[in-house]
Amino acid sequence: MGPGEPPGAMLRVEVTWAPAPHDVRRIRLSLPAGSTAAQALAASGLLADFPELAHAPMGVWGRACTPDQLLRDLDRVELYRSLTVDPKEARRLRHGQRGRGRQRAGG
């Protein structure tokens, strides 16, 4: 329990996971005050379908956190997938494709 929270206080939190692009799982939970990100993950039920999430990087509202991060009311716990392509490489490839398209159109 955090300072100033009454005994028995509950937190409203959301756990989000996107196993694939355009496939987002959002689980809303009520947890006792003093709960951690790991406890929210366990309570979400996602580990039953995705056991690999036990070791996934996580964050709260876009900021990396450790599993023992204490949560506050209305926090969103996010679980992150590993990158399949380096973002700089993906940008370079997209830029290269646009450049070739312009050359064809103008040439």
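Throughout, read-outs are computed from the coordinates displayed, never taken from laboratory work. All figures in this text were calculated on a predicted structure; none of them were measured in a lab. Glycine also receives a Cβ, built like all others from the backbone with ideal geometry; neighbour counts cover every protein chain displayed.
Give me the distance in nm between label points sitting 7 Å out from Cα along the Cα-to-Cβ direction at residue 38 and residue 93, one decimal.
3.6 nm
Can you tally the net charge around residue 85? Count Lys and Arg as +1, Asp and Glu as -1, for every other residue whose Cβ sits under 14 Å from the Cβ of residue 85.
Numbers: positive: 81, 88, 91, 92, 94; negative: 86, 89.
Neighbourhood net charge equals +3.
Suppose R0 equals 22 Å. What FRET efficiency, 1/(1 + (r/R0)^6) with r the Cβ-Cβ distance, do residue 54 and residue 27 give to the nearest 0.05?
Numbers: r = 16 Å, r/R0 = 0.72.
In this case the efficiency is close to 0.90.
Beta carbons within 10 angstrom, averaged per residue: use that to sort the peptides 70-83, 47-60, highest first. Write out the running numbers ahead of the final one.
Details: 70-83: 16.3, 47-60: 13.6.
The peptides rank, most packed first, as 70-83, 47-60.
Using a ≥ b ≥ c from the Cα gyration tensor of the stretch 10-106 (square roots of the eigenvalues), is it rounded, prolate or oblate, where a/c under 1.5 gives rounded and otherwise the larger of a/b and b/c decides, a/b for prolate? Please report the intermediate quantities before stating the final value.
Working: a/c = 3.09, a/b = 2.83, b/c = 1.09.
Judged from the Cα gyration tensor, the stretch 10-106 comes out prolate (a/c at least 1.5, a/b above b/c).
Mark the label point 7 Å from the Cα of residue 76 along Cα→Cβ and return the residues of the stretch 16-42 whose backbone N is within less than 15 Å of it.
Residues 16-19, 22-29 fall inside that zone.
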